[in-house]
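Single-structure report; data block below.
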Amino acid sequence: MRSNPPLTPAEEAARAAETAELAASFVEETRALLEEANGALLSLERNPDDAEAVNALFRCVHSIKGAAGLFDLPAMIHLVHAGEDLLGAMRDGRLALDGELADQLLAGLDRVGRWNELFRSDGQLPAEAMEEARSFAALYRARLGEGAAAGTAAAAASPDRVRLPGWAGEAAAELAAAAAGEAVVLVEYAPDEGCFFAGDDPLRLVLATPGLAWLDIGTQTAWPEPVAFDPFACNLRFRLAARAPREAVEHHFRYVPDCISLVRAKADALSGAVSGAVSGADAASGDAAAAAVAEEEHPLDPIAIELLEAQRRALSLPGRASQVEDIETTVRNLCRSCGIDWPLGADCAGAETLAPVIDRLLARRDSVPAQAQAQDQAAGAASGIALDRHDAAGERTLRVEQGKVDILMNLVGELVVAKNALPFLARDAELRFGSRELSREIKDKYAVIDRISRQLQNAVMDIRMMPVSDLFKRFPRLVRDIARKQDKKVRLVIEGETTEADKNIIEALAEPLTHVLRNSLDHGIEKAGERALAGKDDLATLKLRAFQDGDCVVIEVIDDGRGIDPGKVRAKAVERGLLDAERVAQLSDAQAVQLVFLPGFSTADAVSDLSGRGVGMDAVRAVVERFGGNVVLESRSGEGTTVRLKLPLSMAVTRVLTVEMAGQLYGVPMDLVVETVRISPQSIRRLKASEAVVLRDQVIPIARLRDMLGMEAHRPALESVLILRVGNATVGMVIDDFGTGMDIILKPFSGILSNLSGFSGTAVLGDGRVLLVLNLKEIL
Amino acid sequence: MKTVMIVDDSPTILMSMESILARAGYGVLKADSGENALQKLQGGGRPNLVITDLNMQAMNGIDLIRNLRQLPQTRFTPIIMLTTESSLDKRQEARSAGATGWIVKPVQPGDLLAVVKQMVPGS
Amino acid sequence: MGISFEGSLARFSGQCAVEEAGELTEWLLADRSRRIDLSGCEGLHASILQTVMALRPPLAAGPVDPTLSRWLSRVLPPIATASEDGAAGPAAAEPDLPDAAAPADARPARTRRTRGAKSTPGSGAAGRAKSPRRTSKADPS
């Protein structure tokens, strides 16, 4: 990848879209793999000899590692890699699964799962991920036996229960003072010897640490003889405490991640370390304060104990006597990782010295006050990563059947209706029962319930929101297939997949959007040869873009094809008899291209087998408008076409008055209803074919809903008439009987019903009945 | 005045970084290729910081860094690499070639200045 | 700016850069009684700091800069009581003899530190090139 020539915006967008697509697929894949790995691990736990399960587990983890390598996810790779090593050992029979190991592996899988979701939502992992990964890796390596060598097994206890480094114990009093009761981040920074030649100035970096509160500058090795001193070989070692968020400190040292170790210490841990240092001074063992801190704060964790016991066993085996050095190294590393000073010298001690050391270390476990130990076990059980299967910070999702959400929505609607009875009750209280006070109180309560029901309604609407990616994901394949079939070279660029809209809108858009894309592929985008003649790139770009615009969602289909020729459109419109030549000639080019939305229009000379299955742009417009949206088409001849669908983000709640007709419920939009009256049939006057009623000196034409719905006439003693305001006209509509007012979520028709005129859609009521909502503009 | 050398084969990026840095009071030494950068330094230029693109024609950023580390005046100079690559390998490769740090493109003025401030003593 | 060598005193002023570490090392090794004055120093590279920490020259004055004085005081050598600059005081006279041999001894160190720098003259050579700046009468070279 070279940056020259610079990428065009389209190329950049395409690349970004590719990456986004890749990332989305990785997230999906990882989810599935984790699920499989979890299952395999659980069955392996039930049946430790299940070779199949071990293989499956290994394969899953291996696949995750491979896929993660495509992204900048070093922490995930690090963790998974260590897990893979462990599973490899299990697969080779070098290690057997026990309950604890299963816990640790499950915790690791959970952590990867959490990161996966964070990667999905944030595009990156949290700053502390690497530290956590190291902890897990150390834990896993410890199980492999080579382990304690990793050095930080102790830190693995959990991010919340990290062990303070040994030096923090030595400087506990100073640190506590510097921390001044706040949590601090403790950093040890040992720059590379050659770091000056990489432009580093470790001192400058350290002094600029955010919130630097304490600093100790030392050396990595003792200074050599002055004559042998090399000023350009960095031998400095920094230990510091910073009163700043851990992320800020990690970010500050981001260029030297391998040279630092970083721990966040709570204030009480530091002050605990101080008192530990005091009591530690009395300890017979004479261990440094650090050890006391470790002991005070964290008794040896089970892994350390297990490792020590294993080393003790190893030491006592006759054949192992020659491996004392290895055993000592393990124990020494273990001590270091637990923040315990190594009681022996640097030289190899020998079995007879080593054994008592291990015993003494193991004795620590018993020397911890019983209460503290019990506490630790409880805490370990509750919060150690070993059992950290619950996932507090991660994204928690719940799969809910759509039907249940619909019921909830309908119940909210009913609640709103019930709530609307309260103002009437208040009026009654005042007028019929003469209690003004009660009336006011009811009104107050009404205001509260009104607010809550509104919030409830918004919350439910929110549940129904879904990303357009669910809609878009079908298109890459569609575009690819059509392009192949037509021998066109097309690249589909998808943008704004995370844009959300109501589920109904997303679902209803599938067909029109498919049609628009097909139109672009069929009519807009030229074959490679034609494009070359026009001086265009062989590869056509078809862009599908979604974004939020205020409370609307906008979906654009943009192609760089030949565009729509306004002349051709004019001619076709005349030819089809849609408009006369004179009208067409008066249209501007921009207006002329809009003619494609007219019913019965088709720009292709021959209807291809791919597009135009009787659905034209008029159908696209109809669907979009039914949702209260609009379609805009812009086209420049030779340059391409943009179709822009703009729809409301969420389904507006429509308030309707229900009307029962021959047992079937209908809804009339409430905003059209002026009043409801009951009149005697005689007051309806017949004027030729039409009927009218005079109401308050106004002649109002009458329409009978039964007639319009093709039902047989019905003559009650009193006619129920809805006085409606449709457009500028006032109309009286005779119905069987008035129902109640109701808030509904209007669901437009789709499929074969979509052309059913007279109705704007349906709503499912709380009791399961279906309400047909009348489109009065159409039928009156 | 502290001087920052910027090396990038995109005139746009050079221009945008120059304006950001100049507005913040830094002297700017521009080079549109690795070769050009070395040539300019032959003349004795002594930047306080070098910011170089990773992907350039002919001499890429990593090769440039290796060369800069051989020049007396840039042996210890902090060198920041501009990268679009998210790959960790490249960063590690650059680091072992002598890069001090990196900024991920597209460069935000705030990030750029923060890094420059961190890297240039006395700025 | 940087380090200027005046007699047996090295004055640090402003920012003291990594390139000066080589010359400073050489200069301090040449005469272990030489002192440094950090009062004008506003910032120093880690290499300079470690030179001071490793060779521990007597301090004529500590840093005034608040950041440096707050964080570095603990690791800097103690302030020497000698009052005059330039002239080699009694404190400086004592180690004079053993130090006369120091420059020669210092050389191996220098060749070691220029490893891997093929096309550069190396810090040692650079240090010598700058030697006209040295104004010390007591300069042993």
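Key figures
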| read-out | value |
| --- | --- |
| From A:510, A:534, A:528, A:546, residue being in contact (Cβ under 8 Å) with a residue 24 or more places away in the chain and touching a strand residue (DSSP E or B) at 6+ places or on another chain (Cβ under 7 Å) | A:546 |
| Any strands (runs of 3 or more DSSP E) falling wholly within region A:631-706 and containing at least 1 residues that are closer than 26 Å to residue A:772 by Cα and not small (Gly, Ala, Ser) | A:640-648, A:653-661, A:664-669, A:673-679, A:690-695, A:698-704 |
| Answer from A:111, A:59, A:94 - the residue that is open to solvent by 20 Å² or more (accessible area, probe 1.4 Å) and either assigned to a helix (DSSP H, G or I) or in contact (Cβ under 8 Å) with a residue 60 or more places away in the chain (or both) | A:59 |
| Pairs where the first residue, in region A:26-48, is within 16 Å of residue A:96 (Cβ to Cβ) and the second is in a helix (DSSP H, G or I) and among the β-branched types (Val, Ile, Thr), C-beta under 8 Å, 6+ apart | A:40/A:54; A:44/A:54 |
| Residue A:546 vs. criteria modelled with pLDDT of 90 or more and closer than 16 Å to residue A:650 by Cα | yes |
| Which listed residue, of C:69, C:8, is touching a residue at least 24 places away in the same chain (Cβ under 8 Å) and of a type in the set (Ser, Thr, Tyr) | C:8 |
| Residues of region A:252-269 that turn out to be within 14 Å of chain B (Cβ to nearest Cβ) and open to solvent by 30 Å² or more (accessible area, probe 1.4 Å), as a count | 3 |
| Tally, over region B:19-46, of residues that are touching a strand residue (DSSP E or B) at 6+ places or on another chain (Cβ under 7 Å), surrounded by fewer than 17 Cβ atoms within 10 Å (Cβ to Cβ) and closer than 18 Å to residue B:107 by Cβ | 1 |
| Selected residue (only one of A:600, A:612 is at pLDDT below 80 and either open to solvent by 60 Å² or more (accessible area, probe 1.4 Å) or under 30 Å from residue A:484 (Cβ atoms) (or both)) | A:612 |
| Unmet requirement for residue A:493, which otherwise passes all of (1) in a helix (DSSP H, G or I); (2) open to solvent by less than 80 Å² (accessible area, probe 1.4 Å); (3) not assigned by TED's automatic domain parsing to the domain that holds residue A:406 | (1) |
| Region A:435-486, residues that are under 22 Å from the mean Cα position of the chain (by Cα) and of a type in the set (Phe, Trp, Tyr) | A:472, A:475 |
| Out of A:86, A:33, A:97, A:44, sole residue that is at pLDDT 85 or above and more than 30 Å from residue B:13 (Cα to Cα) | A:86 |
| Residue that is nearest to residue B:78 (Cα to Cα), among those in region B:99-122 that are more than 10 Å from chain A (Cβ to nearest Cβ) and of a type in the set (Val, Ile, Thr) | B:116 |
| Residues that are hydroxyl-bearing (Ser, Thr, Tyr), open to solvent by less than 50 Å² (accessible area, probe 1.4 Å) and assigned to a loop (DSSP other than H, G, I, E, B), drawn from region A:170-222 | A:209 |
| Failed item, numbered, when residue C:110 is tested on (1) open to solvent by 30 Å² or more (accessible area, probe 1.4 Å); (2) at pLDDT below 90; (3) within 10 Å of chain A (Cβ to nearest Cβ) | (1) |
| Pairs where the first residue, in region A:190-201, is modelled with pLDDT of 90 or more and the second is surrounded by fewer than 18 Cβ atoms within 10 Å (Cβ to Cβ), C-beta under 6 Å, 6+ apart | A:190/A:220 |
| Selection from region A:677-691 of residues that are open to solvent by less than 70 Å² (accessible area, probe 1.4 Å) and under 58 Å from the mean Cα position of the chain (by Cα) | A:677, A:679 |
| Selection from region B:6-56 of residues that are among the β-branched types (Val, Ile, Thr) and either under 28 Å from residue B:96 (Cβ atoms) or in contact (Cβ under 8 Å) with a residue 12 or more places away in the chain (or both) | B:6, B:7, B:13, B:20, B:28, B:50, B:51, B:52 |
| Test: residue A:498 is open to solvent by 50 Å² or more (accessible area, probe 1.4 Å) and outside the structural domain of residue A:21 (by TED's automatic domain parsing) | yes |
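The values are calculated or read from the model by the stated rules, or taken from the named source; none is laboratory data. Keep in mind it's a predicted model, so treat the numbers as computed, not measured. A quick note on method: Cβ atoms are made from the backbone with ideal geometry, for glycine too, and the neighbour counts reach across all protein chains shown. Side chains are part of the model used for accessible areas, which takes the heavy atoms of the whole protein and leaves out ligands, DNA and RNA. Shrake-Rupley method; radii C 1.70, N 1.55, O 1.52, S 1.80 Å.
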